[in-house]
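Readers should treat all values here as calculations from the given coordinates under stated rules, not as data from a laboratory. Quantities reported herein were computed from a predicted structural model and do not represent experimental measurements. Please note: Cβ atoms are built from the backbone with ideal geometry, for glycine as well, and neighbour counts cover all protein chains shown.
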Amino acid sequence: AQRVTQPEKLLSVFKGAPVELKCNYSYSGSPELFWYVQYSRQRLQLLLRHISRESIKGFTADLNKGETSFHLKKPFAQEEDSAMYYCALNSSNTGKLIFGQGTTLQVKP
Amino acid sequence: GAVVSQHPSRVICKSGTSVKIECRSLDFQATTMFWYRQFPKQSLMLMATSNEGSKATYEQGVEKDKFLINHASLTLSTLTVTSAHPEDSSFYICSARRTGVNPEAFFGQGTRLTVV
């Protein structure tokens with residue numbers, strides 16, 4: 001079964017601290033994974049995708065097929081990073097996204 | 001970036017009535033759009049895939065006669081919640097997939113439906 005799991009509902013850190021939002025997936029083929037972010041009162045938007053291997057707003061995520069993980073990391077959290085983060089899997093490359101439960105990141109001053 | 005517009009953003013309707021939600025891709029064509037439902041403090045659940053010019057594909061457990069989807073053009077998909085009941089109250093979100101070298105899904109702002 002295709003599934004995305006984000007074990008943490010809430011992650012609270014102080015400004016300047018490192019952040020890691022966990023994401024594990026279950027998928028039989030070659031996965032295409034994304035991180036989406038939703039800031040307060042805004043729509044869901046793409047943060048980054050694993051095939052691009054890019055860093056956006058200081059965030060990076062590496063696909064680890066052995067551990068079936070795609071954790072999102074940032075070395076120094078900023079207050080403006082406070083938002084809801086969703087890990088998502090592109091089901092069979094159809095564009096249908098399977099979302100994790102979401103993790104609220106709270107960065108305290 | 002590409003923009004997906006959803007309308008209305010908020011609607012309140014009486015039990016038994018039907019409500020139509022529109023999803024438009026403003027600056028690109030989308031042969032495929034997706035409809036999601038989000039319950040409070042929960043994740044997005046895919047309801048159906050809307051295909052331009054053909055029938056929608058519904059996910060397991062989603063009633064196709066309850067949630068009518070029409071994708072009449074390359075820039076517009078509509079979701080009609082028929083004979084709405086209070087349990088249909090939810091946040092409905094559409095996304096449109098821009099095809100190309102790096103296909104990406106863009107999301108509408110969502111529609112908050114309240115059935116009273």
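So the values come out like this:
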| quantity | calculated |
| --- | --- |
| Ranked list, fewest to most other Cβ atoms within 10 Å of each Cβ, for A:LYS74, A:LYS22 | A:LYS22, A:LYS74 |
| Gain in span if fully extended, B:PHE39 to B:GLN60, counting 0.36 nm per residue against the direct Cα distance | 5.8 nm |
| Least to most buried among B:ASP65, B:ASP88, B:ASP27 (fewest other Cβ within 10 Å first) | B:ASP65, B:ASP27, B:ASP88 |
| Distance between the range A:34-60 and the range B:1-21 - C-alpha centres, whole angstrom | 26 Å |
| Relative contact order [Cα under 8 Å, 6+ residues apart], chain B, whole percent | 36 percent |
| Using a Förster distance of 22 Å, the FRET efficiency for A:ILE56-A:GLN106 (Cβ separation, nearest 0.05) | 0.65 |
| Pairs beyond 21 Å (Cα-Cα), from A:LYS9/A:LYS65; A:LYS9/A:LYS74; A:LYS15/A:LYS74; A:LYS9/A:LYS96 | A:LYS9/A:LYS65; A:LYS9/A:LYS96 |
| Projected label distance in nm at B:SER18 and A:SER92, using a 7 Å step from Cα toward the beta-carbon | 3.0 nm |
| Average beta carbon contacts from partner chains per residue of A:95-105, 10 Å cutoff | 5 |
| DSSP-defined antiparallel bridges as percent of all bridges, chain A, nearest 5 | 85 percent |
| Average beta carbon contacts from partner chains per residue of B:105-114, 10 Å cutoff | 3 |
| Sparse-neighbour loop sites [GluC sites (Glu not before Pro); the range B:17-116; at most 10 other C-beta within 10 Å; DSSP] | B:GLU63 |
| The range A:37-54 - phi-based ³J(HN,Hα) in whole Hz, Karplus 6.51/-1.76/1.60, Gly and Pro as x | 10, 10, 6, 3, 6, 10, 7, 5, 9, 5, 9, 7, 10, 5, 6, 7, 6, 10 |
| Reachable aspartates and glutamates, given that their alpha-carbon falls under 15 Å from the alpha-carbon of A:LYS22 and they are not under 8 places away in the same chain | A:GLU8, A:ASP62, A:GLU67 |
| DSSP-assigned coil residues among trypsin sites (Lys or Arg not before Pro) in the range B:1-44, each with at most 10 further Cβ atoms within 10 Å | B:LYS14, B:LYS41 |
| Average Cα contact separation per residue, the range A:1-100, under 8 Å, 6 or more apart, as relative contact order % | 36 percent |
| The range B:70-110: C-alpha gyration tensor shape, a/c 1.5 cut-off, then a/b vs b/c | oblate |
| Estimated vicinal HN-Hα couplings, Hz - the range B:90-96 in sequence order (Karplus 6.51, -1.76, 1.60; Gly, Pro = x) | 5, 9, 10, 10, 10, 9, 10 |
| Orphan Cys of chain B, criterion: no other Cys C-beta under 4.7 Å | B:CYS13 |
| In nm, spacing of pseudo-spin labels at B:THR114 and A:TYR39 (7 Å Cα→C-beta vector) | 2.7 nm |
| Point-charge dipole on Cβ atoms (K/R +1, D/E -1) for the protein assembly as shown, about Cα centre, debye to 20 | 260 debye |
| Shielding by partners - mean other protein chain Cβ count within 10 Å, residues of B:31-42 | 2 |
